[in-house]
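What follows is one structure encoded as structure tokens, with my remarks underneath.
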Amino acid sequence: MTALITPYSILITLLAYYMGRKLYAKRPSPFTTPVFFSTITIILILLATGLDFDDYSPAKDIISYFLGPATVALAVPLYKNRRIIVKYAIPAISGMILGLMVTLAIAFTIAQAFSLPQFILQGLAVKSITVPIAVEITELYGGDSNISAAFVILTGVLGTMIAPKMMDKLNITMPFARGIAYGTIAHGLGTAQAAQESEFTGAVAGAAMAIAGILISCFFPVISHFL
């Protein structure tokens with residue numbers, strides 16, 4: 001029976017995401033974004049079948065293994081559109097730095113307003129970069145990696161729910177700009193959402209996610225001084 005749990009978990013994950021894409025195409029809404037819908041669906045199925053995260057973890061590891069090749073594959077559309085990327089490189093990086101500064105400012109403001117402890121503030125500071133980098137940074141500076149991972153995932157889910165509609169309202173239609181926004185603020189989950197819009201948007205989001213991780217890694221020693 002145990003041997004069947006992993007393929008079963010992979011199957012429900014794929015089906016949940018597929019259903020999320022179909023539902024979002026018919027009824028676009030923050031609550032029908034594929035990432036949010038599939039996450040809630042998987043949790044409900046696991047609860048209904050009596051499975052916990054430890055049971056689901058092997059399937060998660062298998063699925064995560066393929067994220068590496070998928071991320072590398074994003075280099076193809078980046079290469080095809082390299083002239084556009086070079087043309088807008090300076091404003092893109094400037095916008096990313098500004099975006100990360102805003103997220104850090106929001107983290108500090110929230111922490112001070114509610115007198116949050118330092119380990120919470122550390123988690124908030126790395127909430128907009130991908131989980132592996134956020135966890136490593138947090139552990140290097142003695143923080144709680146579980147808290148950081150939770151904030152990162154929550155930020156990614158909220159980003160995929162809110163960003164599409166917000167950018168539509170602000171008339172941000174350029175695929176390059178949308179990709180930068182997705183990748184900078186909502187990391188891997190944002191990249192998945194960006195890929196729904198176009199191959200190029202997803203590729204730019206993937207590059208922005210990587211650059212955002214590098215920038216935070218470089219700036220965190222300074223940030224930790226203030227923490």
Problem set entry | Choice from Ala59, Ala205, Ala194 showing the highest fluctuation, given a GNM over the chain with Cα pairs closer than 10 Å | Ala59
Exercise. What residue among Gly50, Gly183, Gly156 shows peak mean-square fluctuation when the chain is described by a Gaussian network model with Cα springs under 10 Å?
Worked result: Gly50
For this session: Report, in debye and to the nearest 20, how large the dipole of the stretch 1-62 comes out about its Cα centre when Lys and Arg carry +1 and Asp and Glu carry -1 on their Cβ.
Result: 520 debye
For this session: Please give, to one decimal in nm, the separation of the simple spin-label points placed at Ala3 and Ile90, each 7 Å out from Cα toward the Cβ.
Result: 6.2 nm
For this session: Can you tell me the FRET efficiency between Ile97 and Glu197 if r is taken as the Cβ-Cβ distance and R0 is 25 Å, rounded to the nearest 0.05?
Result: 0.55
For this session: Compute the accessible area per residue over the chain, keeping the other protein chains in place, probe 1.4 Å, unit Å².
Result: 57 Å²
Exercise. Per the helix-only calculation at 222 nm, which mean residue ellipticity applies to the chain, given -39500 (n - 2.57) for every DSSP H run of n ≥ 4 and division by its residues, nearest 500 deg cm²/dmol?
Worked result: -28000 deg cm²/dmol
Exercise. Which of the helices in the chain, when you take each full DSSP H run, stretch at least 15 Å along the axis at their Cα atoms and have an average Kyte-Doolittle score of 0.5 or higher?
Worked result: 2-26, 34-49, 89-113, 145-169, 199-226
Exercise. Which residue, chosen from Ser148, Leu189, Ala73, occupies the Cα position most advanced towards the positive end of the dipole of the stretch 73-226, where the dipole is computed from +1 (Lys, Arg) and -1 (Asp, Glu) charges on Cβ about the Cα centre?
Worked result: Ala73
For this session: Place a +1 charge on the Cβ of each Lys and Arg in the chain and a -1 charge on the Cβ of each Asp and Glu, then give the dipole magnitude about the Cα centre in debye, rounded to the nearest 20.
Result: 1040 debye
Exercise. Separation between the Ala113 and Asn146 pseudo-spin-labels, each 7 Å from Cα along Cα→Cβ, expressed in nm?
Worked result: 2.7 nm
Exercise. Lys/Arg Cβ at +1, Asp/Glu Cβ at -1, dipole of the chain taken about the Cα centre: which of Pro175, Ala210, Leu116 is farthest positive-ward?
Worked result: Pro175
Problem set entry | Spatially proximal lysines relative to Lys87 (Cα-Cα < 30 Å; intrachain offsets below 8 disregarded) | Lys127, Lys165, Lys169
For this session: Taking only Cα atoms and a 10 Å spring cutoff, compute GNM fluctuations for the chain and point out the largest among Gly68, Gly206, Gly95.
Result: Gly68
Exercise. Highest mean first, what order results for 6-12, 72-78, 121-127 on Cβ atoms within 10 Å?
Worked result: 121-127, 6-12, 72-78
Exercise. In the chain, carbon and sulfur make up what percent of the accessible area (probe 1.4 Å)?
Worked result: 72 percent
Exercise. Once the dipole of the stretch 35-121 is set up with Lys and Arg at +1 and Asp and Glu at -1 on Cβ about the Cα centre, which of Met101, Leu51, Ile85 lies farthest towards its positive end?
Worked result: Ile85
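The values are calculated or read from the model by the stated rules, or taken from the named source; none is laboratory data. Quick caveat: nothing in here was measured; it's all calculated off a predicted structure. Counting neighbours? That spans all protein chains shown, and the Cβs are built from the backbone with ideal geometry, glycine included. Heavy atoms of the whole protein, side chains included, go into the accessibility calculation; ligands, DNA and RNA do not. Shrake-Rupley method; radii C 1.70, N 1.55, O 1.52, S 1.80 Å.
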